[in-house]
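The values are calculated or read from the model by the stated rules, or taken from the named source; none is laboratory data. Quantities reported herein were computed from a predicted structural model and do not represent experimental measurements. Glycine also receives a Cβ, built like all others from the backbone with ideal geometry; neighbour counts cover every protein chain displayed.
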Amino acid sequence: MSDLEDFRRETRAWLEANCPASMRTPILSDDDPCWGGRKWTFKSEDQRLWLERMAERGWTAPDWPKEYGGGGLTKEETKILREEMARIKARPPLHSFGIWMIGPAILKFGSEELKRQHIPPIVRGEIRWCQGYSEPGAGSDLAGLQTRAVDMGDHFIVNGQKIWTSYADKADWMFCLVRTNPDVKKQLGISLVLFDMTTPGVSTRPIKLISGSSPFCETFLDDVRVEKNQVVGEIDQGWTIAKYLLTHEREMIGGFGRTAAGEKTLSQQAVDVLGLDNGRLADSFMRADIARWDLDAKAFELTAERVVDEAKSGQGVGNASAMLKYYGTELNKRRQELLMALYGSDSLVWEGEAWRDGALPRQWLRSKGNSIEGGTSEIQLNVIAKNILGLG
Amino acid sequence: MARLVLNEEQQMLKDSAQGFLRERAPISQLRRLRDERDEKGYSQALWSAMVEMGFTGILLPEEFGGTGFGHVGMGQIGEQVGRNLSASPLFATAVLGASAIDLAGNEQQKQDLLPRIAAGELLTALAVDERARHTPDWVETQAERRNEGFVLNGEKRYVVDGHIADKLIVSARTAGSASERDGITLLIVDADADGVEIERTIMVDSRNAAVVRLSGVRVDAGAVLGEVDNGYPLLERLLDIGNAHIAAELLGIAQEAFERTVQYLKERKQFGVLIGSFQGLQHRAAHLWSEIELVKSVVLAALSALDQGSADAAQLASLAKAKASEVAQLATNEAVQMHGGIGMTDEFDIGLFIKRARPLQQLFGDYRYHADRYAALSGY
Ligand SMILES: Cc1cc2nc3c(=O)[nH]c(=O)nc-3n(C[C@H](O)[C@H](O)[C@H](O)COP(=O)(O)OP(=O)(O)OC[C@H]3O[C@@H](n4cnc5c(N)ncnc54)[C@H](O)[C@@H]3O)c2cc1C
């Protein structure tokens, strides 16, 4: 116990000394955080410093093994680090599909060679990744994907089209699901491969979102050469890894519902805007709606905590990620609708100085995608009904 | 109560509005206005064609160049406007402006203004709200008596069509303090008068709105619309009219978003079958269909009550606005969700419906405002 207390004290002191003041402010949009990668230009010197200092300790990926550049922290230490960062409202130094998604998959399923090649640049924020799963004909039915990888001995030649690939135009590498065997049950002929986005035959076309920003892309794969050593896990075993990875993604997206560090809670904002009347929010309808959301949000937070604690002690239901993803994203959508109602006509301003450059409506619109990306709410409910409840 | 069906004349108006707007003011027109950052925010050619169709005179008596078809008739056009997301001055001028002057104008004002409204030569805007959440009795804008007239100071936001209007109808305080209902007066102010500053604001729906600032604006006694100090009942009546017509437009939005979604459920395949074959989606679509049926009824009842001058018109207007807002929100959210990834793209039209629905929901009071008002009018 005292070890952990020492760790907390040291961490607190280090963060105080090393986290620049401007990195202790809330992240306002998708473009605001540091995403890293070869093409990244830092938004400020503070942003660069903060990434550099955290990456040096491996604290961009605190619980990854030290030998690949991670922080090597235990679960308890990782939790303390997060708490101490939250305490000073520190931003995460890096937003990264590498850290959230492909990194854990490589660590769990990848060869030693892949770990040495890919994990350290992920930790340092040098390589930015994108996720090539969805295709025009394969969204919810992901296993129906058609992008074909033909075995050429020491490499594959890949042809096909991916869609809704977030930040494909800004990413350096893609982790991509491809069909390596068309003659077996659809889940059994899929492989997870990695390739550089500058490989000949890879091209992207950005697609604008309804929020007007943060484009995702169509990605075209035209005779793309992928080395065999860039397959994660076994050939034709990609579906198992994809499912593992989706679990990670779901837990992460489910967390979008939570109030970001340094941001005022919904109820605090409501008090600011509407004021109190005898200690009660001065609008009884808003008060009822906000209270209902608040109760659910708190209950959700406790549930997320309980799921983690149960998993640590080896109990609990599998597939909890489906519930967290479903509930968390629906909560976030409700929160965004309440914010729109709370700020009234100010929340409708799309551009210009009349009101915050349209940050609110853009974030509201973007939240609509939370219950679609990473598997729709309907698919999560199907997973719960089938796998947990044994229905159908 | 009048029967809840359209008469022949109203049905004809609905049919012709449907064909006309689909052809002359489709969604692609709104996109073009948005992408080209059109200064006026509407097509002059469309407006002229609307005038020719008689849309601007639907609520006006024949003696001033109108047809007197009434609110049910006008609501049929509004519904089609919702379906096509057609941008035009119709609501601010031919509903709000026309009603305001027809209801409360003196002979002089009617003679001066109504024929020009019917002819599409004069655009109006109703400048009411000063707070972000609709609070029509919160009026800080001052109209101080000076000689025979008034001097205005204050700020209104976000005024629909504020930056294209020739005349602003402004609620201002001539007595009492903010949030008192007595002491409010409606005044007609020239948009180009000295001291009027108008800043266009670009909103989420790419439609027209503006912040209007008044500093030392002088008007004479002839600018008063209705009674001095007793403008609030008139304002409430105008807002009821506005809300019933907004509800009609929201109904159009909900229906169109819904129908496009049902169509998609019949086209998109996943897991080897049409997604419309999944019961999880079927039940939600069926539920939404039921809700939309309810909205059709309340919108027609509210419009019809306005035409009849029924005692419960205010209550029905709040019912229609509340229910239409609730269901349009559900319909547009479901539309995006059931389209999956493509529903999140700017290239695809469904997102434009969600962007238009919210401003309409909030304009002149959202679901909560009108549920509260409905309760108050019902005596609880
Ligand atoms: C903002 C955003 C970012 C994204 N980023 C990425 C990315 O980086 N990489 C990537 O590969 N993909 C990405 N996606 C794609 C995302 O994973 C897919 O959009 C999603 O899986 C749904 O697929 P779809 O769009 O084809 O919709 P469809 O599968 O066609 O679904 C349409 C509707 O049908 C419903 N439906 C489908 N099957 C069933 C069923 N069995 N039962 C009930 N309802 C059903 C769905 O829930 C949905 O409501 C992103 C999507 C969004 C919105």
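Details
- Lone unmet requirement of (1) away from chain A (no Cβ under 14 Å); (2) in contact (Cβ under 8 Å) with a residue 12 or more places away in the chain for B:P233: (2)
- Long-range neighbours under 7 Å by Cβ, at least six apart or interchain, first residue within 17 Å of A:G144 (Cβ to Cβ) within segment A:236-251, second among the polar types (S, T, N, Q) and assigned to a helix (DSSP H, G or I): A:W239/A:Q187
- Test: residue in segment A:329-348 that is farther than 25 Å from A:D289 by Cα and in contact with a helix residue (DSSP H, G or I) (Cβ under 8 Å, 6 or more places away or on another chain): no
- Within segment B:106-119, the presence of a residue that is closer than 15 Å to B:V160 by Cβ and surrounded by 24 or more Cβ atoms within 10 Å (Cβ to Cβ) is excluded.
- Condition met for A:T180 (crowded, with 17+ Cβ neighbours inside 10 Å, under 29 Å from A:S96 (Cβ atoms) and either charged (D, E, K, R) or away from the ligand (no atom under 16 Å from the Cβ) (or both)): yes
- Positions within segment B:207-223 being polar (S, T, N, Q) and surrounded by fewer than 21 Cβ atoms within 10 Å (Cβ to Cβ), in sequence order: B:S215
- When segment B:269-290 is limited to residues that are among the aromatic types (F, W, Y) and near the ligand (Cβ under 9 Å from one of its atoms), the one that is farthest from A:G139 (Cα to Cα) turns out to be B:F278.
- Scan of segment A:47-103 for residues that are on the phi < 0 side of the Ramachandran plot and among the basic types (K, R), ordered by number: A:R48, A:R53, A:R57, A:K66, A:K75, A:K79, A:R82, A:R87, A:R91
- You will find that of A:G137, A:G103, A:G144, the residue that is free of Cβ contacts under 8 Å to residues at least 12 places away in the same chain and either within 14 Å of another protein chain (Cβ to nearest Cβ) or within 30 Å of A:E310 (Cα to Cα) (or both) is A:G137 and no other.
- Residues that are assigned to a loop (DSSP other than H, G, I, E, B) and either crowded, with 19+ Cβ neighbours inside 10 Å or touching a strand residue (DSSP E or B) at 6+ places or on another chain (Cβ under 8 Å) (or both), drawn from segment B:181-197: B:D182, B:G183, B:A191, B:A193, B:D194, B:G195
- Qualifying residue in segment A:142-149 (condition: away from the ligand (no atom under 13 Å from the Cβ) and out of contact with any Asp or Glu (no Cβ under 8 Å at 6 or more places or on another chain)): yes
- Applying the criterion of at least 2 residues that are of a type outside the set (A, V, I, L, M, F, W, C), over 30 Å from A:W59 (Cα atoms) and over 20 Å from the mean Cα position of the chain (by Cα) to the strands (runs of 3 or more DSSP E) found wholly in segment A:125-236 leaves A:148-151, A:155-166, A:202-207, A:216-227.
- Boolean, B:E256 is at pLDDT 95 or above and away from the ligand (no atom under 11 Å from the Cβ): yes
- Scan of segment B:320-347 for residues that are within 11 Å of the ligand (Cβ to nearest atom) and not charged (D, E, K, R), ordered by number: B:A335, B:V336, B:Q337, B:M338, B:H339, B:G340, B:G341, B:I342, B:G343, B:M344, B:T345
- Test: A:K43 is of a type in the set (K, R) and either crowded, with 19+ Cβ neighbours inside 10 Å or in a loop (DSSP other than H, G, I, E, B) (or both): yes
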